[in-house]
1. With r defined as the distance between the Cβ atoms of residue 224 and residue 247 and R0 fixed at 41 Å, what FRET efficiency is calculated, to the nearest 0.05?
2. In square nanometres and to one decimal, what's the mean projected area of the convex hull around the Cα atoms of the range 206-253?
3. Report the label-to-label distance for residue 239 and residue 153 in nanometres (one decimal), using points 7 Å from each Cα along the Cα→Cβ vector.
4. If you filter the range 202-232 for trypsin sites (Lys or Arg not before Pro), then keep DSSP loop positions with at most 10 other Cβ within 10 Å, what is left?
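The numbers here are math on the coordinates, done by the rules we state, and not lab data. Note that the structure is a prediction, hence the values are computed from the model and not measured. Every residue, glycine among them, receives a Cβ derived from its backbone with ideal geometry; neighbour counts consider all protein chains shown.
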Amino acid sequence: MSLIQALLIALFGYLGSIYGTFLFGTVGGWNLIGRPIVAGAIIGVIMGDVTNGILIGAAIQALYVGLVTPGMSVPGDVNFASYIGIPLALAAGASPEYAVGISVPLSLLGVAAIYSVATFNAVFVHLQEKWISEGKLKHATRIPIYSNISEFIVRFVPIFLACYFGADYVPTLIALIPEWLGTVFQVLGGILPAVGFGLLIKFTLKKNIELLFFVVGFILMAVLKMPIVAITFVAAFIAYVDYLGSNKSKEVE
């Protein structure tokens, strides 16, 4: 991987980690560029392999599709999983399942980075309160810039080092892994996305009977081999019928 590629990936990795008001903000940063499927497309463009970048990003996204982070309670970090896992997987020519397997420990490393930054940045909160009480409002408004210095260091530097220096060694390391262990990684990588969808279903379903909708979708996709566009129309129709039925039952009550 070239120096420019590593720098660009690290820069987007930093921008995708922002969950405050600085630069792209939460919507453009953490919730857009920070999503694995979007990160996969960006990294794919940078590394000249958009198709595999998106495929690997989608596989990682499936694992974390049900990720909820209320009140900074972060069970997993998709930033390191995306901006370190995806480029290293592309550089090594690894499969999406393999990439999902290595994304899990990277995600845990990212959680440590999140809490480290949050703990350190508490200093800036007290500093901002002090400046506001002293009437130094211009200084107080610059706090988001100051606090992102630590975020930049914790995100940009590790991602750059991993991409620039690690990309050349990853293929060698993968080649050294025993075949049976590589098979385990790929099997786990294939299973883990089901965990993500399971978490999403847990948060979205109100009643257990609604699992039937999921079963119908699975049958249409896996058994009948219907295209995703057709399934979308069927799902929209079922949702509309369910909506009408719910309204009628409320009127009866």
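1. Values: r = 30 Å, r/R0 = 0.73.
Efficiency, from the Cβ-Cβ distance: 0.85.
2. 3.7
3. Rounded to a tenth, the inter-label distance reads 4.5 nm.
4. Values: sites: 202, 206, 207, 225; in loops: 206, 207, 225.
Those satisfying the criteria are 206, 207, 225.
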